[in-house]
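Reading through the structure tokens given below for one structure.
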Amino acid sequence: EQIMRESMHNFKNVDWDDIAGLEFAKSTFFEAIILPLRRPDLYTGVRCPPRGVLLFGPPGTGKTLIAKSIASQAKAKFFSINPSSLTSKWVGEGEKLVRTLFAVAAAHQPAIIFIDEVDSLLSKRSGNEHESSLRLKNEFLIHLDGATTSEENRILVIGATNRPQELDEAVRRRFVRRLYIPLPDKDARKQIIVKIIGQVKHNLTTHDIEILSESADGYSGADVDSLCRYASMAPLRALSHAEIDQIEAQQLPAVTMDD
Ligand code: ATP
């Protein structure tokens, strides 16, 4: 029940078009993951898709978005699991949850299991590691081996991490497909700005947007996203609380370049 609650909560369909840039990742995943999940009968033998995919790269670059979008397009159920909810359990509870997670996913095929910050769950074995976390890791390895995307078992595990070097070698090997998800380039930043600012009244010209995307070099998609959301509040921020109570939506001033 906890797994279903955590996973289903907040899931909204994500289109490829909602993701700015990352063309290479999109085309790779379309061929390697989405089509095989849709048509497992065509992708057998040497064409059999990987059971584990690792997305790595800086934070806020759209790894979670990609995983959700793959699920939407493959018409797969999306299970997302937060490592801290597994590791903070009583001894043995984490493993039980992992078993249940894979059992629930198997009952809802095709299914995608998304593990954000997979490094914190499946990190390199260190000498002083607690035995319970070793057992949890082993339980995962068993299921990573078992979860194939063949017709009988269409489960795909997508791991995301900002620190791929921290991953256990045995785990890394199981994530056969590994893709670097980079910071957005200027065009991708522009797409995000247009998408967010386009939802409110604004007086930015194409040239302004060009300048903004240029100057946001080094920002992640999440940074650009929150910058635009912050700017979109500016016309309201300039008003007093009494004015906000009175004003009609269409009377709100436009967002400007200064915002
Ligand atoms: P983390 O590693 O911190 O979990 P992440 O790589 O999974 O981050 P997301 O959670 O997918 O990043 O992205 C955070 C938010 O940033 C998204 O909800 C979206 O609003 C925005 N965002 C990030 N990258 C992109 C992108 N390429 N296109 C559109 N929006 C993006």
Starting from the exponent 0.38 and prefactor 2.2 Å, build the expected Rg for the range 147-259 from its residue count and divide its actual Cα Rg by it. 1.60
What nm distance separates the two modelled labels at residue 206 and residue 107, each placed 7 Å from Cα along Cα→Cβ? 5.5 nm
What percent antiparallel are the DSSP beta bridges of the chain, to the nearest 5? 15 percent
For the chain, what is the relative contact order in percent, using Cα pairs closer than 8 Å and at least 6 residues apart in sequence? 24 percent
Rounded to the nearest 0.05, what FRET efficiency do residue 237 and residue 142 give with R0 = 51 Å and r taken as the Cβ-Cβ distance? Could you check? 0.45
After finding the eigenvalues of the alpha carbon gyration tensor for the range 22-104, what semi-axes result from the square roots of 5 times each, listed largest first in whole Å? 27, 18, 11
Skipping prolines and chain starts, which residues have an amide H placed within reach, meaning under 5 Å, of the one on residue 202, given they are 5 or more residues away or on another chain? 255
On the accessible surface of the chain, probed at 1.4 Å with all protein chains in place, carbon and sulfur together account for a percent value of 52 percent
Cβ charges +1 (Lys, Arg) and -1 (Asp, Glu), total dipole of the chain, debye: 1060 debye
Lys pairs, the chain - Cα-Cα below 17 angstrom, 8 or more residues apart or on other chains: 12
For the chain, what mean projected area does the convex hull of the alpha carbons give, in nm²? 17.1 nm²
Can you list the DSSP H helices in the chain whose Cα atoms extend at least 18 Å along the helix axis and whose mean Kyte-Doolittle hydropathy is 0.0 or higher? 93-107
Among 254, 204, 222, the residue whose Cα sits farthest towards the positive end of the charge dipole of the chain (+1 at Cβ of Lys and Arg, -1 at Cβ of Asp and Glu, taken about the Cα centre) is 222
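The values are calculated or read from the model by the stated rules, or taken from the named source; none is laboratory data. Because the structure is a prediction, the values reported are computed rather than measured. We place every Cβ from the backbone using ideal geometry, glycine too, and count neighbours over all the protein chains shown. The area values use the complete protein model at the heavy-atom level, side chains included, leaving out ligands, DNA and RNA. Shrake-Rupley method; radii C 1.70, N 1.55, O 1.52, S 1.80 Å.
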